[in-house]
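The values are calculated or read from the model by the stated rules, or taken from the named source; none is laboratory data. Quantities reported herein were computed from a predicted structural model and do not represent experimental measurements. Cβ: placed from backbone, ideal geometry, glycine included. Neighbour counts: every protein chain shown. These accessible areas exclude ligands, DNA and RNA; they are computed on the full protein's heavy atoms, side chains included. Shrake-Rupley method; radii C 1.70, N 1.55, O 1.52, S 1.80 Å.
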Amino acid sequence: MREITPRRIIEMKGKEKIAMVTAYDYPSAMIADKAGIDIIFIGDSLGMVVYGESNTLNVSMEQMVYHTRAVSKAVKRALVLADMPFGSYEIDTDEGLRNAVRLIQAGADAVKIEGGYDHRELVRKLVRMGIPVMGHTGLTPQRFLRLGGYRLMGETEEEIEEILRDAKALERAGAFAVVIEFTLADVAKLVTEEVSIPTIGIGAGPYVDGQVLVWHDLLGIYENVPPFVKKYADIGGMIRLALENYREEVKNGSFPAKEHYWEFLDKDDFRKKARKVLERLEDE
């Protein structure tokens, strides 16, 4: 069992901020784990940042299982959390149970489900099965068509009520935490105060119990990022510069240099061996 468990995450509420980041492959997860990240999340955001989709709706269970397996092999300390993709749990509760089991068997320690109140029975059943669940309210990207796009949530009484209802329903159903995405900070603060489980914000201000960002966003892999993202590096620029330097050295012949390859020390020995090989090939 890894050091960070759902129980440990619950214990951190009000005592220690929770750091969560997405990762989709072995090397990324290994680096995040060594950096001391608490939760490493295989999010369905991989559809957009890894596969180039315009939204998350086309992500399949097969993709989530594949990436979860890769990430889980790298992580020794952090809690590994896997997303339930669109269509994997909404239509049928039993199908949701089966798909959650697939992610756990691929190496996840817990699963995340978008929504709260509407899926409270599924959450309850998963928890009873022994599968820890994190919920997700506020902006729920899998519902962006209904919401009218990726927009700030919590401006109306109806939205505040829905967000709070989701969080409370998740708490009652046994979820160990809830993500609040792209929501006014006042609303996220209210939810954090009203539930006993940790709240993890993304674009929801500082008054929550933790934060989550997408790997490619915080590292500056892409130029365009959501407005709530802080870029902690310009890895995209560094990678591009490295590739440009590589291309130039290949073109001008300065790579590989002497320290990057090996030759026969005895050239006469090489010539003899090469001559024999050529003679044998000619006789074929």
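The table that follows gives values for the structure above.
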item	result
All positions within segment 1-18 that are of a type in the set (Lys, Arg), open to solvent by less than 90 Å² (accessible area, probe 1.4 Å) and part of a loop (DSSP other than H, G, I, E, B)	ARG2, LYS13
Of all residues in segment 235-254 being open to solvent by 90 Å² or more (accessible area, probe 1.4 Å) and among the hydrophobic types (A, V, I, L, M, F, W, C), the one that is nearest to VAL225 (Cα to Cα)	MET238
Helices (runs of 4 or more DSSP H) lying entirely in segment 37-141 (those with 1 or more residues that are in contact (Cβ under 8 Å) with a residue 60 or more places away in the chain)	46-49
Pick from segment 190-206, criterion out of contact with any strand residue (DSSP E or B) (no Cβ under 8 Å at 6 or more places or on another chain) and closer than 18 Å to ILE9 by Cα, ranking: most open to solvent (accessible area, probe 1.4 Å)	GLU193
Number of the exception - GLY236 against (1) of a type outside the set (D, E, K, R); (2) in a loop (DSSP other than H, G, I, E, B); (3) touching a Leu at 6+ places or on another chain (Cβ under 9 Å)	(2)
Per-region count, segment 149-186, residues in a helix (DSSP H, G or I), open to solvent by 10 Å² or more (accessible area, probe 1.4 Å) and over 21 Å from ILE39 (Cα atoms)	13
Which numbered condition SER54 misses (of (1) small (Gly, Ala, Ser); (2) over 21 Å from ILE10 (Cα atoms); (3) modelled with pLDDT of 95 or more)	(3)
Residue identified as on the phi > 0 side of the Ramachandran plot and either β-branched (Val, Ile, Thr) or modelled with pLDDT under 95 (or both) among GLY148, GLY203, GLY220	GLY148
Boolean, ALA257 is of a type in the set (A, V, I, L, M, F, W, C) and surrounded by fewer than 10 Cβ atoms within 10 Å (Cβ to Cβ)	yes
Looking only at segment 207-234, and only at residues there that are surrounded by 16 or more Cβ atoms within 10 Å (Cβ to Cβ) and charged (D, E, K, R), the one that is farthest from GLY116 (Cα to Cα)	LYS231
Residue within segment 30-50 that is within 12 Å of the chain's Cα centre (by Cα), more than 23 Å from GLU95 (Cβ to Cβ), of a type in the set (D, E, K, R) and open to solvent by 10 Å² or more (accessible area, probe 1.4 Å) present	no
